[in-house]
Amino acid sequence: YLNERYAENDPLLTAIPTLDKMITGPIITDADPALGAGDAPVNIVIYTDFTCWYCGQTVTDAIKVRQQFPDKVRLVHKDFPNADKTFKSYQAAIAGRCAQAQDKFWEMGDLLYKNYNNLNQTLFNSLAKDLKLNQPQFKQCLTNGATTALIDDNIKEANALRVSGVPAI
């Protein structure tokens, strides 16, 4: 999805283009949680927020589509919470990424969507325990800030693509 028609008009300036001028679609990497084969001909990319009930329903529907066409469809998650790191939507995105580090992203995501109106650190730890995640590793991940770069990159990408709300497919 690189914009191949991008060109700086002034040949005497070495301008650094902004992301919105460089891309025309989502950037899919191995860092993105995905269900399905990487070479699937169809990628359903969903920008979502765990505080959004409709997002949970949209992801559930997309999973059903992927189950109907397992060899043809891959589902890719993109975080698009509120950019304020103190908001529960951002904290829930961190919890999802911390579960991803232990190969339980989709299970955690399902539980986060089911509890969309009751998200907090106590709940994240309880859900991690229910999923039998390594508790010390999960708790350290929640606080060490290592996953925020992934979430911030998703937010920047969504903004560059002019995603104005969630869910966005």
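The values are calculated or read from the model by the stated rules, or taken from the named source; none is laboratory data. All of these numbers come straight from a predicted model, not from anything done at the bench. Ideal geometry is used to build each Cβ from the backbone, glycine not excepted, and the neighbour counts take in all protein chains shown. When the accessible area is computed, the model is the full protein with side chains, heavy atoms only, and any ligands, DNA or RNA have been set aside. Shrake-Rupley method; radii C 1.70, N 1.55, O 1.52, S 1.80 Å.
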Q) Where does the range 84-139 land on Rg/Rh, using Cα atoms and the Kirkwood Rh? A) 0.92
**Q.** Exceeding the 18 Å Cα-Cα cut-off - candidates 85/114; 104/156; 85/156; 88/114; 114/139
**A.** 85/114; 104/156; 114/139
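Restricting attention to the range 79-136, which trypsin sites (Lys or Arg not before Pro) occupy a DSSP loop and are surrounded by at most 11 other Cβ atoms within 10 Å?
132
Any chance you could run the full-extension gain for residue 120 through residue 39? It's 0.36 nm times the residue separation minus the Cα-Cα distance, nm to one decimal.
Taking residue 120 through residue 39 to full extension adds about 25.5 nm, to one decimal.
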Q) Which of the peptides 153-159, 116-122 is most tightly packed, and how do the rest follow, going by the mean number of other Cβ atoms within 10 Å of each residue? A) 153-159, 116-122
Q) By accessible area of protein heavy atoms, probe 1.4 Å, what ranking do 162, 74 get, highest first? A) 162, 74
Q | Among 79, 61, 110, residue whose mean-square fluctuation peaks in a GNM of the chain (springs only between Cα atoms under 10 Å) | A | 61
**Q.** Inter-probe distance in nm under a simple model that places probes 7 Å from Cα toward Cβ, at residue 101 and residue 24
**A.** 3.8 nm
Q: Determine, at each q value in 0.10, 0.18, 0.19 (inverse angstroms), the log₁₀ of I(q)/I(0) that the Debye formula gives when each Cα of the range 15-169 is one equal point scatterer.
A: -0.34, -1.09, -1.21
Q. Comparing 111, 19, 75, which has the greatest mean-square fluctuation in the GNM of the chain with Cα pairs linked when under 10 Å apart?
A. 19
Q: Go ahead and run the numbers for FRET between residue 65 and residue 86, Cβ-Cβ distance against an R0 of 35 Å, rounding to 0.05.
A: 0.50
(Q) Given N residues in the range 122-169, what is its alpha carbon radius of gyration divided by 2.2 N^0.38 Å? (A) 1.52
